[in-house]
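Reading through the structure tokens given below for one structure.
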Amino acid sequence: QSRAGCDSMVTTNLIVNPVFIITENKTICQGQNYNGWTKTGTFQLKLQSGTGCDSTVITNLKVNPVYNITEYISVCQGENYNGWTSSGKYKRTLKTISACDSTVTTDLTVFASYNPIVTIHEDTLKAIRPYKIYQWYNESGSIPGANYNLYIIPTHGKYRFVIKDEHGCTHSS
């Protein structure tokens, strides 16, 4: 009713703007950030929509690890590890299953090959140094039971021995 007592009508066209609540799942690698966040967790960000209404973005953030691994590998001369045949440090950058760059440093030791020394005294052959495993051979092959640092020659012929050292490397006299 107006002041003068007349009926009046007001028409209101009401528009209700939506309030948005958005959930997103994000994954990053250790050392990266998403909206400044660097740790695994659930984060909320209040924003204002284009129509002026408050809205919320909920972020479920997962931070996958990055690995820096050092491995210590030893091989005997003549062998290789990943194609490397010399002692040294080798670095590789690999992707984890979650696609994060990780570093593997290989500290490679290559044990040198050598010819063990044999002394001959009359009919006895003797290895100069002690070794882990011995095997004596003649022209026919391996001599059964001849696996000590001494070997007494029963007959004239050619003899040699193969040893395995403390590193597991095989060497031949």
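If I ignore ligands, DNA and RNA and count only protein heavy atoms, how much of LYS26 is accessible to a 1.4 Å probe, in Å² to the nearest 10?
For LYS26, solvent-accessible area is about 70 Å².
How big is the dipole moment of segment 21-173 about its Cα centre under a simple scheme where the beta carbon of each Lys and Arg is +1, that of each Asp and Glu is -1, and everything else is neutral? Debye, nearest 20, please.
For this selection, approximately 320 debye.
How many angstrom lie between the C-alpha centres of segment 1-39 and segment 99-173?
Going from one Cα centre to the other spans 82 Å.
Considering amide H positions built from the backbone, and no H for Pro or chain starts, which residues 5 or more places from CYS29, or on another chain, come under 5 Å of its amide H?
Long-range HN contacts for CYS29: ASN64.
What translational D, rounded to a whole number of µm²/s, comes out for segment 87-173 from Stokes-Einstein when the hydrodynamic radius is the Kirkwood one over Cα pairs, at 4 °C and 1.567 mPa s?
Taking Rh from Cα pairs, D becomes 82 µm²/s.
Pairs LYS126/LYS158; LYS132/LYS158; LYS126/LYS164: which are spaced more than 20 Å apart, C-alpha to C-alpha?
Pairs exceeding the cut-off: LYS132/LYS158.
Taking all protein chains in place and a 1.4 Å probe, what share, in percent, of the accessible surface of the chain do carbon and sulfur account for?
About 52 percent, which is the carbon plus sulfur part of the accessible surface.
Would you pull out the residues with amide H under 5 Å of PHE111's amide H, same chain only if 5 or more places away, H placed 1.01 Å from N?
Amide H to amide H, under 5 Å and 5 or more residues apart or across chains, PHE111 pairs with VAL75, CYS76, GLN77.
Along the charge dipole of the chain, which of THR109, SER87, GLY52 sits closest to the positive end, that is, farthest toward it, with unit charges on the beta carbon of Lys, Arg, Asp and Glu (+1, +1, -1, -1)?
GLY52
Count the net charge of all other residues whose Cβ sits under 12 Å from the Cβ of TYR137, scoring Lys and Arg as +1 and Asp and Glu as -1.
In short, +1.
Dipole size in debye (nearest 20) for segment 101-144 around its Cα centre, Lys and Arg Cβ +1, Asp and Glu Cβ -1?
Computed charge dipole of segment 101-144: roughly 160 debye.
Using the 4.7 Å Cβ rule, please list in number order the cysteines from the chain without any candidate partner.
So far as the 4.7 Å Cβ criterion goes, CYS6, CYS53 stand without a partner in the chain.
How much net charge surrounds ILE73 when only other residues with a Cβ under 12 Å from its Cβ are counted (Lys, Arg +1; Asp, Glu -1)?
Summing Lys/Arg as +1 and Asp/Glu as -1 gives -2.
Where only protein heavy atoms count, and the probe is 1.4 Å, what is the accessible area per residue for segment 89-140 in Å²?
69 Å²
Which percent, to the nearest 5, of DSSP beta bridges fully inside the chain are antiparallel?
Here the antiparallel bridges make up roughly 65 percent for the chain.
The values are calculated or read from the model by the stated rules, or taken from the named source; none is laboratory data. Bear in mind the structure is a predicted one, so any value in this text is a computation, not a measurement. Ideal geometry is used to build each Cβ from the backbone, glycine not excepted, and the neighbour counts take in all protein chains shown. Note: accessible area is taken over every heavy atom of the protein model, side chains too, but ligands, DNA and RNA are not part of it. Shrake-Rupley method; radii C 1.70, N 1.55, O 1.52, S 1.80 Å.
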